[in-house]
1. Starting from the Cα of residue 106, step 7 Å toward the Cβ, then list every residue of region 218-245 with an amide N under 18 Å from that point.
2. What ranking do 250, 308 get, fewest neighbouring Cβ atoms within 10 angstrom at the top?
3. By how many nm would the segment from residue 241 to residue 218 lengthen if fully extended, with 0.36 nm per residue of separation less the alpha-carbon distance?
4. Using the count of nearby Cβ atoms within 10 Å as a rough guide to exposure, how do 169, 252 rank from fewest to most?
5. If you average the alpha carbon positions of region 139-157 and of region 160-237, how far apart do those two centres end up, in angstrom?
6. Taking the Cα centre as origin and putting +1 on Lys and Arg beta-carbons and -1 on Asp and Glu beta-carbons, what dipole magnitude results for region 90-246, to the nearest 20 debye?
7. If you count, for each residue, the other Cβ atoms within 10 Å and average over each peptide, how do 283-289, 146-152 line up from highest to lowest?
8. On a full-extension model of 0.36 nm per residue, what is the gain between residue 59 and residue 260, subtracting their alpha-carbon distance, rounded to one decimal in nm?
Amino acid sequence: MTTTTTTTTTTTTMATTTATTTATTDMTAAADRAGTTDAPTDTLEYTTGCASGYVHGYSEAEARRLGDQANTLAELLHAGTAYPPGSRVLEVGCGVGAQTVHLLGSNPGMHLTAIDVSADSLAQARARVAALAPGAQVDWHHGDLHRLPFVDGSFDHLFVCFVLEHLADPPAALTALHRVLKPGGTITVVEGDHGSAFFHPESAAARATVDHLVRLQTHAGGDSLIGRRLHPLLTEAGFRDVTVRPRTVYADGSRPELVEGFTRRTFVAMVESVRAEALAAGLTTAEAFDRGIADLRRTAGEGGTFHYTFFKASAVRP
Ligand SMILES: C[S@@+](CC[C@H](N)C(=O)[O-])C[C@H]1O[C@@H](n2cnc3c(N)ncnc32)[C@H](O)[C@@H]1O
């Protein structure tokens, strides 16, 4: 994706929509709270191509899927993340605000700033917070995490969920984030790893369909197996006291809410969403792809089981 401001042009791997969008950033309020630098411009223009860079795209279905995912996994993923009242927290890549509402709910009193490269997602995030966390104060920023408009050490804590997996250069991203964290501050990173998906009934067709998503994401410059790399990535970026905890989702017939919220609405929906790209790339046929999806759905049916592991890392800026 080509990100254009009036002063610089930066190329990243995140393609978004086919349209050109314009958004005005909210620099003033955040400057008071987080010590921002002067904004390079109050208008950012994102001129984007097709969704070849961002494997999940920015459709309504994806926004719904992100919400289902965050709501279903809130306890699993947010447990242990506690930000004291008054602390300055930056949520990086907030998307449609699916995690934001949970962060706000479990950390009353923190000062939250949220940034995303997609103006459209940011608008949805604002609306979600207004609806689900009325009265919550969030400083919203439209921008690229590689060029954060904040002075060094602006934040006490950073929260990054399902973002690194889409970036071409996660070490560069972590270095950029390291800069805005105060010494002694913490970063929390949550990522999945599609290699951790196993299920019953086993199916070669289902496995091949998941592999198409993995390949497409790699081709787009990302890494859907990044969960297992979090410890070395954070360590090499200069963070210390790095701890990584696997957080496993296991869904079977005794956990119908997980079967619905995770297996069907999060995982199968995610794989299904790349059907057109997989066919266009010549990775598979429509028949084989659909057979894989049907088999994945069987893991959510009677007698089926599904396992997936997320990795939650936390680390300190020395
Ligand atoms: C899979 S979504 C996750 C959204 C949210 N964290 C969640 O868990 O629901 C990834 C988000 O990262 C954002 N993103 C990707 N690259 C970015 C960049 N360079 N700067 C800021 N945001 C970025 C995307 O626009 C997208 O909203």
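Coordinate-derived values only; no laboratory data. Given the structure is predicted, the values throughout are model-derived calculations rather than measurements. All Cβ positions, even for glycine, are placed from backbone atoms using ideal geometry, and neighbour counts span all protein chains on display.
1. Answer for region 218-245: 243-245.
2. Working: 250 12, 308 23.
Fewest to most other Cβ atoms nearby, the residues stand as 250, 308.
3. On the way: separation 23, 0.36 × 23 = 8.28 nm, distance 2.93 nm.
Once the chain is fully extended between residue 241 and residue 218, it gains 5.3 nm.
4. The order, fewest Cβ neighbours first, is 169, 252.
5. With region 139-157 and region 160-237 each reduced to a Cα centre, they are spaced 21 Å.
6. Working: 11 positive and 16 negative charges, 28 e Å.
Roughly 140 debye, rounded to the nearest 20.
7. Numbers: 283-289: 15.1, 146-152: 17.4.
Output ranking for 283-289, 146-152: 146-152, 283-289.
8. Working: separation 201, 0.36 × 201 = 72.36 nm, distance 2.06 nm.
Taking 0.36 nm per residue and subtracting the Cα distance, the gain is 70.3 nm.
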